[in-house]
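Below is one structure, written out as structure tokens; comments come after it.
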Amino acid sequence: MRLNKTAAAIALLAATFLSGAALAEDVNLMDGVTPRAGDNPMVEGGKYKKDCGWVIGMSHFGVNANTWTVQVAHESEEAAAKNSCINKFILLDAAFDQKKQVADIEDLIAQKVDAIIVQPVTSTSANASIEKAVAAGIPVVLHTGRIESDAFTTEIQGGAEHFGKVMGDWLVEKVGNDGKIWVLRGLAGHPEDTNRYNGLKQSLEGTDIEILAEEHGDWQYDKAKKLCETLYLNNPSVDGIWSSGADMTRACVDVFKQFGTPIPPISGEGNNGYFGQWIADGFDSISAEYAPAQGAAGVRAAVALLEGKELYKHYDYNPDGWTVEKAKEYYRPDLSANVWWPTELSEEKLQELYGK
């Protein structure tokens, strides 16, 4: 009986190779992206295979939300432009409007695109539309935000809890068991904000750390700068700051410099402007990694499905935090503060978009 099972497995493997389908292990979506541990079903190889000449659509939750979301769009578009089998790449901007995202996805279904990439506005905003797309035979790649449905074809998720916990663990070590902190969150209601915050809460379990203030800065520099100015004027005695995004970190650092007082330990992210501050001012920080190249990874996942390759349903992206020494390896003084690391944009595109 064992020999029969072995022979069947060998036959199945041989058939896979003869059919031209690649194993999931052969698909590299992005550095640091790995199949999720545990129960992780496979997307059948060949199920969505189509001849070259594809049209791929993307529903972006909000292109102009901040500099990171803008770069995600650029990374996605450049990855699509580099693939000769993609005839057309349609990027639609939901502008953080749930109804607009529903309409955008249904528009892509009506256009009979070959694959759809979705960054959800909220954990429920795209569920029904994704289900419609899959029912129409269109594979859906989900990334940068989890949803309350498993109707999608495959997902690539930066571990938001992991991101928040990387920063939270570091901050707990810096401020001690009974420190007092500010918490700067992202966009209220967005699944990435909720889950990053859940990661912080895991770090704070079992400590007596007090959250003096908790505000949503929407991952934006201007809004966070006003928030930090208000918080500082109300009570400047803070031991550390947990910031959910680098544009908000940059804003708070500038506020402390503006008032001429020492910068408390503050978490950051892989942004060129923040790296420049960190290197120049020497404050205590850690950089959680959240590459805008996830946009390119989403395109690669769609391409892999259309090529007939086998994929896992769930992929995770849980990189370690960066030290200032690693930040120095990436920092580019010849580029603006708005570029994010790591990136897959070509040098030509970096200079075109971010060159000084």
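The values are calculated or read from the model by the stated rules, or taken from the named source; none is laboratory data. This one's a predicted model, so the numbers in the text were calculated from it and none came from an experiment. All Cβ positions, glycine included, derive from the backbone under ideal geometry; neighbour counts span all protein chains shown. Heavy atoms of the whole protein, side chains included, go into the accessibility calculation; ligands, DNA and RNA do not. Shrake-Rupley method; radii C 1.70, N 1.55, O 1.52, S 1.80 Å.
Could you please give the count of residues in the stretch 301-332 that are open to solvent by 30 Å² or more (accessible area, probe 1.4 Å) and hydrophobic (A, V, I, L, M, F, W, C)?
Looking only at that region, the number is 1.
Looking at the structure I just gave you, is S285 open to solvent by less than 10 Å² (accessible area, probe 1.4 Å), of a type in the set (S, T, Y) and over 30 Å from G137 (Cα atoms)? Step through it out loud before you land on a result.
On the way: open to solvent by less than 10 Å² (accessible area, probe 1.4 Å): no; of a type in the set (S, T, Y): yes; over 30 Å from G137 (Cα atoms): yes.
Here the answer is no, as S285 does not meet what is asked.
Need the failing condition index for H216 against (1) under 24 Å from D97 (Cα atoms); (2) modelled with pLDDT of 95 or more; (3) open to solvent by less than 20 Å² (accessible area, probe 1.4 Å); (4) not polar (S, T, N, Q), just the number.
In the conditions (1) under 24 Å from D97 (Cα atoms); (2) modelled with pLDDT of 95 or more; (3) open to solvent by less than 20 Å² (accessible area, probe 1.4 Å); (4) not polar (S, T, N, Q), H216 misses (3) alone.
Out of all the residues in the stretch 195-205, is one or more open to solvent by 40 Å² or more (accessible area, probe 1.4 Å), under 24 Å from Y232 (Cβ atoms) and modelled with pLDDT of 95 or more? Spell out how you get there, then give the answer.
The initial filter retains those residues of the stretch 195-205 that are open to solvent by 40 Å² or more (accessible area, probe 1.4 Å), namely 198, 201-202, 205.
Checking the rest, the ones that are also under 24 Å from Y232 (Cβ atoms) come to none.
For the stretch 195-205, residues open to solvent by 40 Å² or more (accessible area, probe 1.4 Å), under 24 Å from Y232 (Cβ atoms) and modelled with pLDDT of 95 or more: absent.
Kindly indicate the residue of the stretch 160-194 that is in a loop (DSSP other than H, G, I, E, B) and aliphatic (A, V, I, L, M) and also most open to solvent (accessible area, probe 1.4 Å) among those meeting that condition.
The first filter runs over the stretch 160-194 and keeps only residues in a loop (DSSP other than H, G, I, E, B), leaving 176-179, 186-190.
Going one step further and asking which of them are aliphatic (A, V, I, L, M), we end up with 187-188.
Details: L187: 43, A188: 65 Å².
Among residues in the stretch 160-194 that are in a loop (DSSP other than H, G, I, E, B) and aliphatic (A, V, I, L, M), the one most open to solvent (accessible area, probe 1.4 Å) is A188.
Does A160 satisfy the criteria of being over 28 Å from D316 (Cα atoms), touching a Gly at 6+ places or on another chain (Cβ under 9 Å), without any contact (Cβ under 8 Å) to a residue 40 or more places away in the chain and not β-branched (V, I, T)?
On the way: over 28 Å from D316 (Cα atoms): no; touching a Gly at 6+ places or on another chain (Cβ under 9 Å): yes; without any contact (Cβ under 8 Å) to a residue 40 or more places away in the chain: yes; not β-branched (V, I, T): yes.
Criteria not met by A160.
Every residue in the stretch 47-87 that is aromatic (F, W, Y), surrounded by fewer than 23 Cβ atoms within 10 Å (Cβ to Cβ) and assigned to a loop (DSSP other than H, G, I, E, B), please.
If we filter the stretch 47-87 for residues that are aromatic (F, W, Y), which is where we start, we get 48, 54, 61, 68.
Add one more test, that the residue is surrounded by fewer than 23 Cβ atoms within 10 Å (Cβ to Cβ), and what stays is 48, 54, 68.
Passing the criteria: only Y48.
Would you mind telling me which numbered condition in (1) open to solvent by less than 10 Å² (accessible area, probe 1.4 Å); (2) under 28 Å from I109 (Cβ atoms) D150 fails?
Unmet condition: (1).
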